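What follows is a single structure, written as structure tokens, with notes after it.
A short reminder: the numbers here are calculations on the coordinates, not readings from a lab. Treat the numbers as computed from the prediction; the structure is a model and nothing was measured. Here the Cβ positions follow ideal geometry from the backbone for every residue, glycine too, while neighbour counts run over all protein chains shown.
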Amino acid sequence: MRFFCTYHKIAPRFDLIERVGLTEKHHAQYHELSGGQQRRLSLALAVAHRPAVVILDEPTSGLDVASRVMRHELIRELQSDGTTILLATHDMAEASDLASRVAILLRGRIAAIGTPMELTATGGSLTRISVLTEGDCLSLPDAVFPAVQQTQSRDAYVIYFSTDVGRTVSALISFITDRKDVLIDLRVERPSLEDRFLEITTEHTNP
């Protein structure tokens, strides 16, 4: 760390050694570190001089939960400081959580590009609407709602897969109110980035 910081003409960033969990290895030689510890050190060295651009290739692959959280926090700090980060990852949840813009690459070409919200808002994936009521009125035979393609039941919830969430939710609430039932929980879940990724890869595999 002292060597890298001297090269960039800045004070040693030993605070980063602590941030990546290597305090107990402060006096160890590089070859004495495990593979995971070497990767943590590499990240600390890469960001020590606050570069304008950082390229990260699968930075959290194989890490435990605590290490992933630490690394994500560090990435967000870099973003807030104005650093541009190019992140290569197969973890769509990570991309959705961290990226302001996502490019999905297939066979070396960009198959889709946009913000996570833009990518998940397009395509043919259905919105999942999970509903729980006190009186279970949604189990009645006339509980049929517009734009619903599929219905499931799980753990007392009725789950609807809709092509038009506005029409479906509006009809659901009206139905529950008319039956004088009590709405306990209603959850609307848009297709995830992973769902959209699988849809895009299927489209390109089977045109």
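A few notes on this one:
- Highest GNM mean-square fluctuation among Ala44, Ala93, Ala66, for the chain modelled with Cα contacts below 10 Å: Ala66.
- Sum of -39500 (n - 2.57) over DSSP H runs of 4+, divided by residues of the chain (222 nm, nearest 500): -11500 deg cm²/dmol
- Cα-projected label distance for Ala111 with Ser67, points at 7 Å along beta-carbon direction, nm: 2.9
- Contact order relative to length of the chain, as percent, for alpha carbon pairs under 8 angstrom and 6 or more apart: 16
- Exposed loop sites here mean trypsin sites (Lys or Arg not before Pro) with a DSSP loop assignment and at most 11 other beta-carbon atoms within 10 Å; the chain contains its longest site-free run at 10-100.
- Gain on full stretching of the segment that runs from Ile159 to Thr177 - 0.36 nm per residue minus C-alpha separation: 4.7 nm
- On Cα atoms only, tilt of 35-47 relative to the major axis of the chain in degrees: 80
- The stretch 102-207 shape via C-alpha gyration tensor axes, a/c threshold 1.5: prolate
- In degrees, nearest ten, helix 65-80 long axis to first principal axis of the chain (Cα): 80
- The GluC sites (Glu not before Pro) of the stretch 117-207 meeting both criteria, a DSSP state outside H, G, I, E and B (loop) and at most 12 other C-beta atoms within 10 angstrom of the site's C-beta, are Glu134.
- Degrees between helix 165-178 axis and first principal axis of the chain (Cα, 0 to 90, nearest 10): 50
- Charge tally in the Cβ shell below 14 Å around Asp181, where Lys, Arg are +1 and Asp, Glu are -1, Asp181 excluded: -3
- Across the stretch 155-161, coupling constants 3J(HN,Hα) worked out from phi with the 6.51/-1.76/1.60 Karplus curve, θ = phi - 60°, read 6, 6, 8, 9, 10, 10, 10 Hz, and Gly and Pro carry x.
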